[in-house]
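Here is the structure we will look at.
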Amino acid sequence: MNQPAPDLTVNESLLEQYDGAVPRHVACIMDGNGRWAQGRGLKRLRGHRAGAKSVRCVVESCRYLNVDVLTLYAFSSQNWQRPRGEVSGLMKLFDIYIKKERRRLVKNGIRLRVIGDRSRLSDKLQGAIAALEAESASNDAMLLQVAVSYGGREEILRACRRLATAAAAKELDPDAIDERMFSRHLYTGGLPDPELVIRTSGEYRISNFLLWQIAYSELYFTETLWPDFNEAELLKAFADFSRRQRRFGKTAEQVTS
Ligand code: IPE
Ligand code: IPE
Ligand code: MG
């Protein structure tokens, strides 16, 4: 997945100095937009709008650094419970994001995939998502997964239901269900698991994000609010990741030998 980066609006002089490890799959819980706005006496939606700038920065920085997969948590199944105006404002922002970033994503070789229960989105938004997924389907410089109307438990239940249906129809032997098969039935479709999960805004929880997939991910928490997250913050997270020893149950000696 190494292609020349055609058109990136990132701080390249900062990124090019980085010589640590780059995770192949990075997942971000983009949190703190509301507090960013409220701290400035602004409406929460202004924070979400500011957060969209960080999205472009992180997408293009990851693209520059040759990350293979970037998964962004944009809206959870539980976020539907927010005030109606905030929900509709966020939906409008997704629509704007897709329109505004379409050209840049395609030009930069980025493939878009939306994960989550998209049946709850408006027909118009579903159409815009499907069109960009189709348009970017052959791009292979980076996969950008955006989790919208997404919940990890919901995703696991959906996979269980699909497998149970196949087993009940005698198309599948229950004994054949293993981790590989199960993960192929998740929205993430058998992709490599995230190596690094970043959560902004000083909250130390997972909030129903990629529950199956993060079994062995490295977790990085920062106090920085998502709209303030930028190239330097991303590199801090990557540098921290570089210092981790991933042992997967083995001893340190086993891993280094
Ligand atoms: C994250 O920011 C974005 C979404 C959940 C959509 P928040 O809106 O949760 O911001 P805070 O946590 O209220 O500051
Ligand atoms: C998690 O953020 C969901 C997203 C970032 C989209 P929340 O702000 O909704 O999480 P909780 O509810 O505080 O755990
Ligand atoms: Mg929050």
Query - Long-range HN-HN contacts of Asp117 with modeled amide H, under 5 Å - result: Tyr150, Gly151
**Report entry** the chain: relative contact order as a whole-number percent, Cα under 8 Å and 6+ apart
**Finding:** 28 percent
Query raised in the report: Under a 5 Å amide H to amide H cut-off, with H placed in plane at 1.01 Å, what residues pair with Leu196 once short-range neighbours are removed?
Result: His25, Ala27, Glu218
**Report entry** Ser88, Ser183, reordered so the largest accessible area comes first (probe 1.4 Å)
**Finding:** Ser88, Ser183
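Which value results when the Cα radius of gyration for segment 31-73 is divided by 2.2 N^0.38 Å? Working shown, then result.
Details: Rg = 12.6 Å, N = 43, 2.2 N^0.38 = 9.2 Å.
Compactness ratio reported: 1.37.
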Query raised in the report: Of the beta bridges DSSP finds with both residues in the chain, what % are antiparallel, to the nearest 5?
Result: 0 percent
Query raised in the report: Per residue, how much accessible area does segment 85-126 have with a 1.4 Å probe, in Å²?
Result: 52 Å²
Report task. Using θ = phi - 60° and the Karplus relation 6.51 cos²θ - 1.76 cosθ + 1.60, list the HN-Hα couplings for segment 108-124 in order, rounded to whole Hz, with x at every Gly or Pro. Result -> 8, x, 9, 9, 9, 9, 9, 10, x, 8, 6, 5, 7, 7, 5, 4, 5
Requested in this report: Heads up, I need the accessible area for Trp212: 1.4 angstrom probe, whole protein in place, Å², nearest 10.
Outcome: 80 Å²
Query raised in the report: Taking a probe of 1.4 Å, how large is the accessible area per residue of segment 147-236, in Å²?
Result: 51 Å²
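Cα-Cα over 19 Å: which of Lys53/Lys92; Lys99/Lys236; Lys43/Lys92; Lys100/Lys124?
Lys99/Lys236
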Query raised in the report: At each listed q (0.08, 0.10, 0.12 Å⁻¹), what is the log10 of I(q)/I(0) that the Debye formula gives for segment 26-185 modelled as equal alpha-carbon point scatterers?
Result: -0.28, -0.43, -0.61
Query - Solvent-accessible area per residue for segment 3-75 (1.4 angstrom probe, square angstrom) - result: 45 Å²
Report task. Rank Asp140, Asp228, Asp173 by mean-square fluctuation in a GNM of the chain with C-alpha springs under 10 angstrom and give only the top-ranked residue. Result -> Asp173
Query raised in the report: Over the chain, what percent of the accessible surface lies on carbon and sulfur atoms, probe 1.4 Å?
Result: 50 percent
Query raised in the report: What figure in square angstrom, to the nearest 10, would you give for the accessible area of Tyr73 with a 1.4 Å probe?
Result: 20 Å²
Query raised in the report: Between Asp240 and Tyr216, what length in nm is gained on full extension when 0.36 nm per residue of separation is reduced by their alpha carbon distance?
Result: 7.0 nm
Query - Full-stretch length increase - Gln81, Asn66 - with 0.36 nm per residue and alpha-carbon distance subtracted - result: 1.8 nm
Requested in this report: Straight distance only, please: which aspartates and glutamates reach the Cα of Lys250 with their own Cα at less than 19 Å, same-chain residues fewer than 8 apart left out?
Outcome: Asp193, Glu195, Glu218
Query - For segment 125-137, 3J(HN,Hα) per residue [Karplus equation, 6.51 cos²θ - 1.76 cosθ + 1.60, θ = phi - 60°, Hz, x = Gly/Pro] - result: 5, 4, x, 5, 5, 4, 5, 6, 4, 5, 5, 9, 4
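The values are calculated or read from the model by the stated rules, or taken from the named source; none is laboratory data. Nothing here was measured: the structure is a model prediction, and the numbers come from that model. These accessible areas exclude ligands, DNA and RNA; they are computed on the full protein's heavy atoms, side chains included. Shrake-Rupley method; radii C 1.70, N 1.55, O 1.52, S 1.80 Å.
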